[in-house]
Amino acid sequence: MSEPLHPTATHHLPSFITAPGDTDVLMVVVGIVLIGAVLAVGNFYLHLHTLPERMAHRSQKLQFEIVAVLGLLALFTHMHIFWVIGLFLAMIDLPDFGTPLRRIAGSVEKMAGVPPGDGAAEKVGESAIHVVAAEGPETKVGAGNSEVQGHA
């Protein structure tokens, strides 16, 4: 049985009002749009958040790592100044100090007679052992073999 409408109720109801027990189509559509909007905004936010890292990816490894760490700090601490610093650092081309310093070190090794790539740390460690052994009056181990090169 159908109940009669109240005399003051309108006889024409909008299409989004459903009958009891029917599926609310408007709610389903709004739910799908809401989920899509949240995913789209989240994707845009993460794309924007990784902008400094993508910019610094073309630069030096150290600069890229610093920008990546600043991005992670900004993400986990919610302090946007880290993201801004990372963005500025990604925009700046840092000069390459490593190559000239490696060339200087290679030239100094060549002048010192050390084979390139061996490094002076091993030679310093060996000569220090020989010097300590030579200075001790109670032992003479290595005293004749110790040869300390002068740096003049």
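With a cut-off of at most 12 other beta carbons within 10 Å, and DSSP calling the residue loop, which chymotrypsin sites (Phe, Trp or Tyr not before Pro) in segment 14-99 qualify? Please list them.
Taking segment 14-99 and a limit of 12 other Cβ atoms within 10 Å, the loop chymotrypsin sites (Phe, Trp or Tyr not before Pro) found are Phe16, Phe97.
Roll a 1.4 Å probe over the protein chains and send me the accessible area per residue for segment 1-48 in Å².
97 Å²
With every protein chain present, what accessible area does Ile35 have (1.4 Å probe, heavy atoms only), rounded to the nearest 10 Å²?
110 Å²
Within segment 1-85, report the trypsin sites (Lys or Arg not before Pro) that DSSP leaves as loop and that have at most 14 other Cβ atoms within 10 Å.
Arg58
Please compute the modelled spin-label separation between Ala37 and Asp93, points set 7 Å along Cα→Cβ, answer in nm with one decimal.
For the pair Asp93/Ala37, the computed spacing is 4.4 nm.
Quick one: putting +1 on the C-beta of Lys and Arg, -1 on the C-beta of Asp and Glu, what dipole do you get for segment 1-82 around its Cα centre, in Debye to the nearest 20?
Dipole size: approximately 580 debye.
Can you give the FRET efficiency for Ser2 and Leu26, using 1/(1 + (r/R0)^6), R0 = 25 Å, r = Cβ-Cβ distance, to the nearest 0.05?
Efficiency, from the Cβ-Cβ distance: 0.60.
The values are calculated or read from the model by the stated rules, or taken from the named source; none is laboratory data. As the structure is a computational prediction, the values presented were derived from the model and not from experiment. So basically every Cβ, Gly included, is an ideal-geometry build from the backbone, and we count neighbours across all protein chains shown. Ligands, DNA and RNA are stripped out before the accessible areas are found, and what is left, the full protein with its side chains, is counted by its heavy atoms. Shrake-Rupley method; radii C 1.70, N 1.55, O 1.52, S 1.80 Å.
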